[in-house]
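Some notes on the structure that comes next.
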Amino acid sequence: MTQRLHSAMLRARMDSAALAEAVDVDAKTVNRWLSGRVPHRRTRAAVARLLNESEDLLWPQTRPDLTPGASATAEVQSAYAHRADIPNELWTSLLLGADEQIDIAGYAYPFVLELLPNAADILASKCRNGTRIRMAFADPDCPHVAERDALEQMSGTLPGRIRNALNMLGELTDTPGCDIGLHTAHLYNSVFRFDDQMIVTPYLIRARGYQHPALHLRKLSPHGIFTSFAEQFEQIWGSATHYPEGLSRGLSA
């Protein structure tokens with residue numbers, strides 16, 4: 001672990017004396033750091049800024065939550081008994097606040113496009129400003145949709161709900177930076193990612209989407225629960241087929 005500090009000092013072309021002077025400590029103190037002692041928190045921050053490195057890279061033992069297998073409960077910002085219990089204010093703040101990446105995977109989720117009167121236009125505008133958006137819907141004609149329809153006791157309406165959601169995309173189907181895919185995966189939860197925040201809804205048998213529990217996650221570690229669900233999205237997206245441009249114009253609600 002001290003090798004990381006030594007390497008960072010070499011890259012910055014600093015010896016113990018120079019680093020000590022820069023952060024206002026004794027050179028012997030720096031040598032003790034190189035021997036394994038961990039600086040105080042304020043000093044760690046100063047050294048990290050000076051060496052242009054992160055604290056958790058220089059002293060990983062100070063961030064056990066960033067190690068594989070560590071407890072990831074801190075990433076759970078809140079938990080809800082039902083998706084319907086999530087305040088609309090949270091959904092809209094996540095949608096409006098995302099600037100880099102929006103990834104969604106589920107069966108239909110038309111409610112996302114109903115959060116605001118012009119939700120599709122807002123998403124299209126985000127794409128034009130550099131936000132990457134990927135939305136994976138279930139293929140309404142695949143066998144898993146019929147299975148999910150039966151499990152949720154939807155009386156054959158799920159395929160129509162998916163087509164309705166696709167119909168609500170409007171110009172998003174033709175907007176550069178927005179990719180729409182159809183998957184045939186048998187999902188066990190829906191994923192709604194907005195930059196480094198996410199809503200995940202684990203599925204319950206015979207419960208409909210709004211009745212499923214929901215977790216609000218914030219990414220804090222590359223090994224946490226957030227990353228697990230982000231990787232699941234990538235697997236689903238990797239198997240999805242591109243939704244044909246302009247096809248939504250031929251769909252009816």
Point to revise | When residues of region 1-57 are limited to those that are touching a residue at least 24 places away in the same chain (Cβ under 8 Å) and hydroxyl-bearing (Ser, Thr, Tyr), the one farthest from SER221 (Cα to Cα) | key: SER35
Practice item. Would you confirm whether any residue within region 70-77 is at pLDDT 90 or above, more than 29 Å from HIS216 (Cβ to Cβ) and either open to solvent by 50 Å² or more (accessible area, probe 1.4 Å) or among the acidic types (Asp, Glu) (or both)? Key: no
Review point. What number of residues within region 186-202 satisfy the criterion of being without any contact (Cβ under 8 Å) to a residue 60 or more places away in the chain and either out of contact with any Asp or Glu (no Cβ under 9 Å at 6 or more places or on another chain) or within 18 Å of ALA120 (Cα to Cα) (or both)?
Key: 4
**Study point:** ALA120 vs. criteria open to solvent by 60 Å² or more (accessible area, probe 1.4 Å), over 17 Å from SER190 (Cα atoms) and not in a loop (DSSP other than H, G, I, E, B)
**Key:** no
Point to revise | Scan of region 129-149 for residues that are acidic (Asp, Glu) and either closer than 17 Å to TYR203 by Cβ or touching a residue at least 40 places away in the same chain (Cβ under 8 Å) (or both), ordered by number | key: ASP139, GLU147, ASP149
Practice item. Scan region 134-149 for residues that are touching a helix residue (DSSP H, G or I) at 6+ places or on another chain (Cβ under 9 Å) and open to solvent by 70 Å² or more (accessible area, probe 1.4 Å) and jot them down. Key: ASP141
Practice item. Tell me which of these PRO110 doesn't satisfy, since it passes every other one: (1) within 24 Å of THR241 (Cβ to Cβ); (2) open to solvent by 40 Å² or more (accessible area, probe 1.4 Å); (3) touching a residue at least 40 places away in the same chain (Cβ under 8 Å); (4) of a type outside the set (Ser, Thr, Tyr). Key: (2)
Study note, to complete from the structure: Subset of region 142-196, residues within 25 Å of PHE226 (Cα to Cα), touching a Ser or Thr at 6+ places or on another chain (Cβ under 8 Å) and aliphatic (A, V, I, L, M), comes to ILE180, LEU182, ALA185
Revision key, fill the gap. Taking region 78-91 and the residues there that are within 24 Å of THR131 (Cα to Cα) and within 16 Å of the chain's Cα centre (by Cα), the one that is most open to solvent (accessible area, probe 1.4 Å) would be LEU90
Check your understanding: What strands (runs of 3 or more DSSP E) completely inside region 150-253 contain at least 2 residues that are surrounded by 15 or more Cβ atoms within 10 Å (Cβ to Cβ) and more than 17 Å from the chain's Cα centre (by Cα)?
Key -> 178-183
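The values are calculated or read from the model by the stated rules, or taken from the named source; none is laboratory data. None of these values were measured; they are calculated from a predicted model. Heads up, the Cβs are rebuilt from the backbone with ideal geometry, glycines too, and the neighbour counts pull from every protein chain shown. For accessibility, only protein heavy atoms count, side chains too; no ligands or nucleic acids. Shrake-Rupley method; radii C 1.70, N 1.55, O 1.52, S 1.80 Å.
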